[in-house]
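Trainee: Would you mind keeping the following structure in view while I ask a few things?
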Amino acid sequence: MEKKTIEQPEGISLRYAEVCKFRRLDQVLLDVDERTTILVGANNSGKTSILAALRLFLSDSTPFGAFDISQSQWKKLRGLGKRWEALAEDPTSAGGEIDNWQTQLTTLLSAMPTIDLWFNADQGMYHYVAPFLSKLTWKGGAVGIRLRLEPASNVDELQQLAWRYREARDPVKDMGADSLAWPLDLLDYWLREPRDMGRVHVYKLDTDNSPMEKGNTYTQQVLSANATQVNRLHLSQLIRVDFVAAQRGLGGEEADSRTSSEPHSVGLFSNQLLKFARQHLNVAANGYGNRAEIITSVAKAQQDLDKTIQDAITPIVEDVKELGYPGLQDPQKIHFRTRIQTADLLNHSTAVQYSMSEDEAEDLLPEYSIGLGYQNLQSLSYQLVSFKTARLNPPKGSPAPVHLVMIEEPEAHLHVQVQRIFPGRAHKLISLSDQKPALLNSQLLLSTHSSHLAHAESFARLRYVRRVAKTKSNKMPCAEIISLGEVFGNDEETRLFAERYFRVQHTDLLFANAAIFVEGVAERMLVPLFVERDFKELSNQYVSFLDIGGSHAHRLRPLIEKLRIPTVVITDIDPVEVTKNKKGKTIRTAVANTGQPNLECGNPTLNIWHPRLTKLEDFKNPEDTVLIRSEGEDYKVRFAWQLPVLEADACWPSSFEDSLILSNISWFRGLSEKKLDEDGNKLKKPTGALGAIVKKVAEGKSNTDLAKALHELMHKSFNKGDFAATIFENIASGEKINCPNYIAEALAWLQKQLKPDSKVHS
């Protein structure tokens, strides 16, 4: 894939991360924005795995697990275990088989998870990146680093691993295939003995082959067998990583507090301040000593601790206000009051209390009585502030020039109005002010399922993590990453249209398993109801409905082609009559289709996207190749437009509404003919939009004339919203109103695509 050259920055930033053989991430390349990157995608697509990979590889303490190895490599690793079991002698006695062991080492390492980090640095950052440079002539630009999990780094270590595995396996290997005695194989051994998975080693990469160079086709590099390792300490001096998990247990409810040993245990916000005070304010955790002395000094200690925390936190409170709190009805001021107990100074001392007024500092409320959303927001905010403070005050040395903060699904604990502004404001909390060193860059990486949060940023910062199903060409399910900013190429107008549409409509397309495009308000209201009533399996799937007219649906074609989720486009056939005026100008007039020759389809989606036909007659009896656009095994879009209705003498409607009427002509005629209800009471005549339809049906015209009359009605002042709402009410009450066949067939196709055992469908 060709990459554009990235201008050298002031300082250094992480620009790409390539994860390989980690969980379902067989090989994905993540383009990291210099400021904020947001991972979006359907559930179980790999977003969490990307964050986990960065966390595991860049953490000194978090261990890998056996299931962190990609499933595509399991067979290879189990094969190694079987070879070790079959050895006739002690594995540590290599004898003349050293070449064989070297081959096994290559096999083992080729199956291990790796991550390649590509930084972009200016020449002035040489002292940070020097250990990772592959040539002496570096003058700024790309710096590549590979991290690889290695259970063994040489033949001796491999033989020791094989010996330990055999020792564990020998007592149970003859128990039969049905035995569940540990270990079943090498992966099962690692589940119990994760320490034998080894540790992460660091290597330098050749910058002549990087994803940042224009004109080069980037391919992942292969490390030589004698590649030199780089001391991991150099990496920790280059980049710091902090992580906030989704299931954080933010906030504290009063009921939960009362079940603890204390009358009111401190909430999580208090815990955040406690941690902050211990790490950054030099406040001791415990207060031991002469009891009498402590009691006599308790008042002064309380005041000193209150003032220390208040002075340190007050400037930060102003930053946190950027996230939208306090509002009119929110607590207006935070106070810190300590209750010192001699056994444990801070664990019982720091109580966060709120005042509902700026002026009233005495009438204070405890933390647990404030809304959970407020506690969550404050707690998350102070975590971010704490990360920044810790980054600036490392135990040894100077601050790392790159700070990557990862937050997993922050929307789990944030109100909608905060989600919309969270990415920008959160980055501000981890960034350094103008007074700080300009060469210390902060980057934010979020994963989310929230359309509110995702669409707060431009497409340029969105990365779509796409599930790639097991197919003939993909032996195992995996994932790929798509930079949505590149989807529309140089078509800036279309990109802006898509961004604005997504922001206004709050569409969840980027998180769905499938998509259904509909033409207007009636389809948007009724098609989901037909799905719920007639397609139970489909209604249980995560399907995104997009209400976008046929004049614009084709503009989202590049996005759908990249997302590659099963999609149905329900649109109108829009028959037009083509004539020329006196000046020779072509005039396209919308008309009812009553069988006149040489009509054309006037719908841009069907003309431009698919099936790219013009003559109306070519749409009448479509084959699958006309209905379905397919590119490869995992990309299919099914189009649906009005077709002749057999129930109405094969009349050919031109909109959803008249197709619905003609498909249920008996039901509508029944409304015009029925005078009494089941109890013999006189029925009121239908009114509004439904009344207008019933009146047309009651005129007794032929189906052909009725179709023409309906077309004329739809193009006048007919209230489609009122009509759709009335039909919705009737369907919801149990009336048997059939879904138009052209839509029903498309929905049945989509339901089939989403079945778990679905192969390659037509």
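Trainee: List pairs: first residue in the stretch 684-698 and in contact (Cβ under 8 Å) with a residue 12 or more places away in the chain, second residue of a type in the set (Asp, Glu) anywhere in the structure, Cβ distance under 6 angstrom, at least six positions apart or on different chains.
Mentor: The qualifying pairs are Gly688/Asp722; Ala689/Asp722.
Trainee: Let me ask something additional. Would you confirm whether any residue within the stretch 601-622 is more than 37 Å from the chain's Cα centre (by Cα), open to solvent by 50 Å² or more (accessible area, probe 1.4 Å) and at positive phi?
Mentor: Among the residues of the stretch 601-622, not one is more than 37 Å from the chain's Cα centre (by Cα), open to solvent by 50 Å² or more (accessible area, probe 1.4 Å) and at positive phi, which makes the answer no.
Trainee: Does the stretch 680-694 include one or more residues that are among the basic types (Lys, Arg), more than 20 Å from Glu729 (Cα to Cα), open to solvent by 70 Å² or more (accessible area, probe 1.4 Å) and at pLDDT below 95?
Mentor: yes
Trainee: Can you find a residue that is modelled with pLDDT under 95, in contact with a Lys or Arg (Cβ under 6 Å, 6 or more places away or on another chain) and not in a loop (DSSP other than H, G, I, E, B) anywhere in the stretch 442-451?
Mentor: no
Trainee: For the structure I just gave you, tell me whether Leu510 is touching a residue at least 24 places away in the same chain (Cβ under 8 Å), part of a helix (DSSP H, G or I) and more than 17 Å from Gly632 (Cα to Cα).
Mentor: Judged against the criteria, Leu510 is a match.
Trainee: Pick from Ala725, Ala748: which is more than 20 Å from Gly520 (Cα to Cα) and either within 46 Å of the chain's Cα centre (by Cα) or surrounded by fewer than 17 Cβ atoms within 10 Å (Cβ to Cβ) (or both)?
Mentor: Of Ala725, Ala748, the one residue that is more than 20 Å from Gly520 (Cα to Cα) and either within 46 Å of the chain's Cα centre (by Cα) or surrounded by fewer than 17 Cβ atoms within 10 Å (Cβ to Cβ) (or both) is Ala748.
Trainee: Follow-up question, since we're still on this one. Filter the stretch 358-417 down to residues that are open to solvent by less than 40 Å² (accessible area, probe 1.4 Å) and of a type in the set (Asp, Glu) and give me whichever is modelled with the highest pLDDT.
Mentor: The residue in question is Glu408.
Trainee: Take the residues in the stretch 478-492 that are surrounded by 15 or more Cβ atoms within 10 Å (Cβ to Cβ) and among the acidic types (Asp, Glu); name whichever of them is farthest from the chain's Cα centre (by Cα).
Mentor: Filtering first and then ranking leaves Glu486.
For (1) farther than 23 Å from Pro401 by Cα; (2) open to solvent by 10 Å² or more (accessible area, probe 1.4 Å); (3) not small (Gly, Ala, Ser), each residue gets a yes or a no:
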{"site": "Gln160", "(1), (2), (3)": "yes, yes, yes"}
{"site": "Ser179", "(1), (2), (3)": "yes, yes, no"}
{"site": "Asn216", "(1), (2), (3)": "yes, yes, yes"}
{"site": "Arg240", "(1), (2), (3)": "no, yes, yes"}
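Trainee: Going through the stretch 518-539 one residue at a time, which ones are of a type in the set (Asp, Glu), open to solvent by 20 Å² or more (accessible area, probe 1.4 Å), modelled with pLDDT of 95 or more and under 28 Å from the mean Cα position of the chain (by Cα)?
Mentor: The one that is of a type in the set (Asp, Glu), open to solvent by 20 Å² or more (accessible area, probe 1.4 Å), modelled with pLDDT of 95 or more and under 28 Å from the mean Cα position of the chain (by Cα): Glu532.
Trainee: Quickly run through the stretch 92-115 and pick out the residues that are at pLDDT 95 or above, of a type outside the set (Val, Ile, Thr) and part of a helix (DSSP H, G or I).
Mentor: Hits for the stretch 92-115 are Gln104, Leu105, Leu108, Leu109, Ser110.
Trainee: Could you please let me know if Leu187 is in contact (Cβ under 8 Å) with a residue 40 or more places away in the chain, at negative phi, aliphatic (A, V, I, L, M) and assigned to a helix (DSSP H, G or I)?
Mentor: yes
Trainee: What pairs come out if I take residues in the stretch 150-167 that are under 11 Å from Trp84 (Cα atoms) and free of Cβ contacts under 8 Å to residues at least 60 places away in the same chain and pair them with residues that are open to solvent by less than 60 Å² (accessible area, probe 1.4 Å) and assigned to a helix (DSSP H, G or I) whose C-beta lies under 8 Å away, six or more apart or interchain?
Mentor: From residues that are under 11 Å from Trp84 (Cα atoms) and free of Cβ contacts under 8 Å to residues at least 60 places away in the same chain, the pairs are Leu158/Trp101; Leu158/Gln104; Leu158/Leu105; Leu158/Leu108; Leu161/Asp196; Arg164/Asp196.
Trainee: Find the residue count for the stretch 211-242, including only residues that are part of a loop (DSSP other than H, G, I, E, B) and farther than 21 Å from Lys21 by Cα.
Mentor: Matching residues across the stretch 211-242 total 10.
Trainee: I'd like the full set of residues that are in a helix (DSSP H, G or I), of a type outside the set (A, V, I, L, M) and more than 41 Å from the chain's Cα centre (by Cα), limited to the stretch 651-672.
Mentor: Once the filter is applied, which keeps residues that are in a helix (DSSP H, G or I), of a type outside the set (A, V, I, L, M) and more than 41 Å from the chain's Cα centre (by Cα), the stretch 651-672 yields Ser666, Trp667, Phe668, Arg669, Gly670, Ser672.
Trainee: Given the residues Trp74, Trp118, which is the only one that is outside any helix (DSSP H, G or I) and surrounded by 15 or more Cβ atoms within 10 Å (Cβ to Cβ)?
Mentor: Trp118
Trainee: Need pairs with beta-carbon distance below 7 Å; first residue without any contact (Cβ under 8 Å) to a residue 24 or more places away in the chain and within the stretch 574-587, second among the acidic types (Asp, Glu) and surrounded by 17 or more Cβ atoms within 10 Å (Cβ to Cβ); sequence gap 6+ or separate chains.
Mentor: Matching pairs, first to second residue: Val578/Glu600.
Trainee: A further question follows. Assess whether Ala142 counts as being outside any helix (DSSP H, G or I) and either touching a residue at least 40 places away in the same chain (Cβ under 8 Å) or open to solvent by less than 40 Å² (accessible area, probe 1.4 Å) (or both).
Mentor: Criteria met by Ala142.
Trainee: Being of a type in the set (A, V, I, L, M, F, W, C) and either outside any loop (DSSP other than H, G, I, E, B) or touching a strand residue (DSSP E or B) at 6+ places or on another chain (Cβ under 8 Å) (or both) is the filter here; which residues of the stretch 130-139 pass it?
Mentor: Listed by number, the residues that qualify are Ala130, Phe132, Leu133.
Trainee: Would you confirm whether or not the stretch 550-570 contains a residue that is free of Cβ contacts under 8 Å to residues at least 40 places away in the same chain and acidic (Asp, Glu)?
Mentor: no
Trainee: Right, next: Mind listing whichever residues of the stretch 442-501 are among the basic types (Lys, Arg) and under 27 Å from Ser13 (Cβ atoms)?
Mentor: Arg461, Arg463, Arg466, Arg495
Trainee: Let me ask something else. What are the pairs, 6+ residues apart or on separate chains, where a residue within the stretch 225-246 that is at negative phi has its Cβ under 7 Å from a residue that is among the charged types (D, E, K, R) and assigned to a strand (DSSP E or B)?
Mentor: Listed by first residue and then by second, the contacts come to Val230/Lys204; Val244/Glu408; Ala245/Glu408; Ala246/Glu408.
Matching residues to (1) under 30 Å from Gly602 (Cα atoms); (2) open to solvent by 40 Å² or more (accessible area, probe 1.4 Å):
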{"site": "Ala469", "(1), (2)": "no, yes"}
{"site": "Met476", "(1), (2)": "no, yes"}
{"site": "Thr494", "(1), (2)": "yes, no"}
{"site": "His506", "(1), (2)": "yes, yes"}
{"site": "Ala515", "(1), (2)": "yes, no"}
{"site": "Gln541", "(1), (2)": "no, yes"}
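Trainee: Hey, another quick one. Based on this model, can you work out whether Arg557 counts as of a type in the set (D, E, K, R), open to solvent by 10 Å² or more (accessible area, probe 1.4 Å) and under 30 Å from Asn490 (Cα atoms)?
Mentor: Considered against the rule, which asks whether it is of a type in the set (D, E, K, R), open to solvent by 10 Å² or more (accessible area, probe 1.4 Å) and under 30 Å from Asn490 (Cα atoms), Arg557 comes out as yes.
Trainee: In addition: What are the residues in the stretch 79-115 that are over 19 Å from Gln159 (Cβ atoms) and open to solvent by 50 Å² or more (accessible area, probe 1.4 Å), if any?
Mentor: Within the stretch 79-115, none qualify.
Trainee: Using the structure shown, decide if Leu446 is touching a helix residue (DSSP H, G or I) at 6+ places or on another chain (Cβ under 8 Å) and open to solvent by 30 Å² or more (accessible area, probe 1.4 Å).
Mentor: no
Trainee: Hey, can you tell me all the residues within the stretch 218-233 that are surrounded by 16 or more Cβ atoms within 10 Å (Cβ to Cβ) and in contact with a helix residue (DSSP H, G or I) (Cβ under 8 Å, 6 or more places away or on another chain)?
Mentor: Answer for the stretch 218-233, where residues must be surrounded by 16 or more Cβ atoms within 10 Å (Cβ to Cβ) and in contact with a helix residue (DSSP H, G or I) (Cβ under 8 Å, 6 or more places away or on another chain): just Val230.
The values are calculated or read from the model by the stated rules, or taken from the named source; none is laboratory data. Owing to the predicted nature of the structure, the values given are computational and were not obtained by experimental measurement. Cβ atoms come from the backbone with ideal geometry, glycine included; neighbour counts cover every protein chain shown. Keep in mind that these areas ignore ligands, DNA and RNA; they rest on the heavy atoms of the full protein, side chains included. Shrake-Rupley method; radii C 1.70, N 1.55, O 1.52, S 1.80 Å.
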